[in-house]
Amino acid sequence: MARKTTTQSKIVWTVIAWVVALVIFFPILYAVITSFKTEPEAIDGFSLIPSGTFENYITVQTQRDYFKPFMNSVILSIGSTILALIFAIPAAWAMAFAPTKRTKDVLMWMLSTKMMPAVAVLLPIYILFRNFGLLDTRIGLTIMLTLINLPIVVWMLYTYFREIPGEILEAARMDGANLWKEIVYVLTPMAVPGIASTLLLNIILAWNEAFWTIQLSTTNAAPLTAFIASFSSPQGLFWAKLSAASTMAIAPILILGWFSQKQLVRGLTFGAVK
Amino acid sequence: MGSITLKNVQKHFGEAKVIPSVDLEITDGEFVVFVGPSGSGKSTLLRLIAGLEDVSGGSITIDGKDVTEAAPAARGLAMVFQSYALYPHMSVRKNIAFPLKMAKMEQSAIDKKVADAARILNLTDYLERRPGQLSGGQRQRVAIGRAIVREPSAFLFDEPLSNLDAALRGTMRLEISDLHNQLKTTMIYVTHDQIEAMTMADKIVVLNRGNIEQVGSPMDLYNTPRNLFVAGFIGSPRMNLIEGEYAQAKNAKTAGIRPEHLTLSKESGTWKGTVSVAEHLGADTFLHLDVDGIGKMTARASGEFGAHHGDTVYLTPDETRLHRFDDKGLRIAG
């Protein structure tokens, strides 16, 4: 029996949706509000009305250079995403179109690496990075971000590729395309929506990644996550400035996410709903 | 040129022997149809010839050259798939040009070949459209166009019409036959529809469980089916297969008589039957009958023959068109 949607229930669900959205969004909103408060105001209990000062933004930009970590974030997130796609597209192709008995196991194993607490491998990774001279380098962090997001990228692309009829790839093979041309001329253009949403999600994940970027960088390669963290030490905790730095750090990715939300939702729900 | 020879070709998927062993000779310019029920191995055999599946044993030769290990594109064949398998992100023009682009042909030559193919297939007005903007029949024509431009030594068709409606299927059937007459190129056509097989083929290969049951011209198969399987599969409605006293009297385990070789009368005949269902098709009427002492039978009558559920009808078989089979299901000659 079809569910009856009355005006009343619509209103109730809309209100619930807004409440849930506000609860989720509230920490970000409060950080933005706090960024317009003075330091005493910021630590003086809960208040939603700031004095409206821009002092924190000026201080953050003048005392610490915002542009450098911003550029690092851009380079790391885009670099690691491109690198991840270079590895993930052939990997997902192999799993989707030439599966073996163990393909599902390999996929599960890849995903299981995301279930492990990152701190468990901090020490060996740190030593490896130190020995290879990768500490506080953009290359080192790009490799790290690629590795940690690769399982998700492979999974997402695999899900997309599975929706592409194998006969089309066979037709390309009959038409004289070798594996490389098959991927470049047929598979990739057909999977553009999937690749685009995977790319967007991976940029967001890489942009927001804090654990490894903070642990493996100090100044040269430090992205915005390390930039924010630097406001909690060593002079003490400066809530208002920290909030201003946070707002500046999340603003680019929030804007990107806002404009690409349709693509993202489509990408994340692909295969689940038709 | 497009002669194809299969020698002891086998295909196993793990323990399952999908094609136990097939030997087949296809001569240049022939229109060969692989026909059989679902799971008979006809598509697998086509894919083995195309190179889309690796053979488990045996050899495939095209124009005298062993291509058993060759890549699909290196075999000089073109394939038309059931789902059309067009590239959805490319225009019709780019779809047709794709194999030529892969062959690194000059752009001017590509343009000419695409224009020629489009003209032959009535696609000239649709060259800038995407596959999604075309009807099923037009899509199938684009798929055929993509195959034509390669000038292959043989065309492979894998149930190309099964996604089309009945009327369009009839039209496309004629178009493909016409194309074969124009190009005179070898064509291998897979279908489960025996009407397609009978109307299009020079030679039909009847497959069952990966084995070839019979190879021959459509009328050979119709007139002299080698065994019970072919007898039951070729012809529509199916041949009536009768066991028991009547067959024994004819020195056979099973006697077969086609519905169109039964004479119907409302007064007298060899067998007396009661109509259970009458299918009036206009030109013909198919009568499904319960026949005394025999069981269920089908008879083909002219459209004017008025019979309805429950009517009594008499049937007389044309003894000269009787088929006899032994206890192994093989045809008894004579």
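Mind listing whichever residues of segment A:177-193 are out of contact with any Leu (no Cβ under 9 Å at 6 or more places or on another chain) and at the interface with chain B (Cβ under 7 Å from one of its Cβ atoms)?
A:181, A:189, A:190, listed by residue number.
Looking only at segment A:102-134, which residues are surrounded by 19 or more Cβ atoms within 10 Å (Cβ to Cβ) and not in a helix (DSSP H, G or I)?
Matches in segment A:102-134: A:134 only.
So, in segment A:168-193, how many residues would count as being in a loop (DSSP other than H, G, I, E, B) and touching a residue at least 24 places away in the same chain (Cβ under 8 Å)?
Going through segment A:168-193, the residues in a loop (DSSP other than H, G, I, E, B) turn out to be A:175-178, A:191.
If we keep only those that are touching a residue at least 24 places away in the same chain (Cβ under 8 Å) too, we end up with A:191.
Final tally of qualifying residues: 1.
If we keep just the residues of segment B:57-100 that are polar (S, T, N, Q) and away from chain A (no Cβ under 14 Å), which is surrounded by the most Cβ atoms within 10 Å (Cβ to Cβ)? Spell out the reasoning first.
Taking segment B:57-100 first, the residues polar (S, T, N, Q) are B:59, B:61, B:68, B:82-83, B:91, B:95.
Those left that are additionally away from chain A (no Cβ under 14 Å): B:59, B:61, B:68.
Working: B:59: 14, B:61: 15, B:68: 17.
The extreme case among them is B:68.
Failed condition for residue B:267, given (1) among the acidic types (Asp, Glu); (2) loosely packed, with under 14 Cβ neighbours inside 10 Å; (3) in a strand (DSSP E or B), with all others met?
(3)
What do you reckon, is residue B:298 of a type outside the set (Gly, Ala, Ser) and at pLDDT 95 or above? Steps first, answer last, please.
Details: of a type outside the set (Gly, Ala, Ser): yes; at pLDDT 95 or above: yes.
Considered against the rule, which asks whether it is of a type outside the set (Gly, Ala, Ser) and at pLDDT 95 or above, residue B:298 comes out as yes.
Based on this model, can you work out whether residue A:196 counts as within 14 Å of another protein chain (Cβ to nearest Cβ), more than 30 Å from residue B:150 (Cβ to Cβ) and part of a helix (DSSP H, G or I)? Steps first, answer last, please.
Values: within 14 Å of another protein chain (Cβ to nearest Cβ): yes; more than 30 Å from residue B:150 (Cβ to Cβ): yes; part of a helix (DSSP H, G or I): yes.
Against the criterion (within 14 Å of another protein chain (Cβ to nearest Cβ), more than 30 Å from residue B:150 (Cβ to Cβ) and part of a helix (DSSP H, G or I)), residue A:196 qualifies.
Tell me yes or no: at least one residue of segment A:225-241 is at pLDDT 85 or above and either touching a strand residue (DSSP E or B) at 6+ places or on another chain (Cβ under 7 Å) or within 14 Å of chain B (Cβ to nearest Cβ) (or both).
No, that holds for no residue.
How many residues does segment B:101-139 hold that are within 13 Å of chain A (Cβ to nearest Cβ), assigned to a helix (DSSP H, G or I) and either of a type in the set (Lys, Arg) or buried (at least 22 other Cβ atoms within 10 Å of the Cβ) (or both)?
Matching residues across segment B:101-139 total 2.
Residue by residue, here is whether (1) touching a strand residue (DSSP E or B) at 6+ places or on another chain (Cβ under 9 Å); (2) under 22 Å from residue B:34 (Cα atoms); (3) not assigned by TED's automatic domain parsing to the domain that holds residue B:50 holds:
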residue: B:94; (1), (2), (3): no, no, no
residue: B:109; (1), (2), (3): no, no, no
residue: B:120; (1), (2), (3): no, no, no
residue: B:124; (1), (2), (3): no, no, no
residue: B:171; (1), (2), (3): no, yes, no
residue: B:180; (1), (2), (3): yes, yes, no
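In segment B:48-73, how many are of a type in the set (Ser, Thr, Tyr), more than 23 Å from the chain's Cα centre (by Cα) and closer than 13 Å to residue B:5 by Cα? Lay out the reasoning, then the answer.
In the first step, residues of segment B:48-73 are kept if they are of a type in the set (Ser, Thr, Tyr); the result is B:56, B:59, B:61, B:68.
Narrowing further to those that are more than 23 Å from the chain's Cα centre (by Cα): B:56, B:59, B:68.
From what is left, the residues that are closer than 13 Å to residue B:5 by Cα are B:59, B:68.
Adding up the residues that qualify gives 2.
For every residue, the table says whether it meets (1) under 21 Å from the mean Cα position of the chain (by Cα); (2) surrounded by 16 or more Cβ atoms within 10 Å (Cβ to Cβ).
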| position | (1), (2) |
| --- | --- |
| A:45 | no, no |
| A:48 | no, no |
| A:51 | no, no |
| A:59 | no, yes |
| A:73 | yes, yes |
| A:81 | yes, yes |
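Give the residues of segment B:184-219 that are more than 13 Å from the chain's Cα centre (by Cα) and either in a loop (DSSP other than H, G, I, E, B) or under 23 Å from residue B:174 (Cβ atoms) (or both), sorted by residue number.
B:184, B:185, B:186, B:209, B:210, B:219
Scan segment A:150-167 and give yes if some residue there is within 11 Å of chain B (Cβ to nearest Cβ), within 30 Å of residue A:265 (Cβ to Cβ) and either small (Gly, Ala, Ser) or assigned to a helix (DSSP H, G or I) (or both), otherwise no. It would help to see each step written out before you state the result.
Within segment A:150-167, the subset within 11 Å of chain B (Cβ to nearest Cβ) is A:164-167.
So of that shortlist, the ones also within 30 Å of residue A:265 (Cβ to Cβ) come out as A:164-167.
After this cut, where a residue has to be either small (Gly, Ala, Ser) or assigned to a helix (DSSP H, G or I) (or both) as well, the list is A:166-167.
Yes, because at least one residue in segment A:150-167 is within 11 Å of chain B (Cβ to nearest Cβ), within 30 Å of residue A:265 (Cβ to Cβ) and either small (Gly, Ala, Ser) or assigned to a helix (DSSP H, G or I) (or both).
Looking at segment A:136-145, is at least one residue away from every other protein chain (no Cβ under 14 Å) and of a type in the set (Ser, Thr, Tyr)?
yes
Look at segment B:283-311 and say how many of its residues are among the small types (Gly, Ala, Ser) and in contact with a Pro (Cβ under 8 Å, 6 or more places away or on another chain).
1
Results for (1) closer than 30 Å to residue A:69 by Cα; (2) touching a residue at least 60 places away in the same chain (Cβ under 8 Å), shown as yes or no for each residue.
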{"site": "A:91", "(1), (2)": "no, yes"}
{"site": "A:97", "(1), (2)": "no, yes"}
{"site": "A:106", "(1), (2)": "no, no"}
{"site": "A:120", "(1), (2)": "yes, no"}
{"site": "A:130", "(1), (2)": "yes, no"}
{"site": "A:133", "(1), (2)": "yes, no"}
{"site": "A:152", "(1), (2)": "yes, no"}
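Consider residue B:178 against the criteria (1) more than 22 Å from residue B:11 (Cβ to Cβ); (2) over 14 Å from the mean Cα position of the chain (by Cα); (3) touching a residue at least 24 places away in the same chain (Cβ under 8 Å): it satisfies all of them except one. Which criterion is unmet?
Condition (3) is where residue B:178 drops out.
The values are calculated or read from the model by the stated rules, or taken from the named source; none is laboratory data. Note that the structure is predicted; figures quoted are calculated from it, not measured. Using ideal geometry, Cβ is built from the backbone for each residue, glycine included, and neighbour counts are taken over all protein chains shown.
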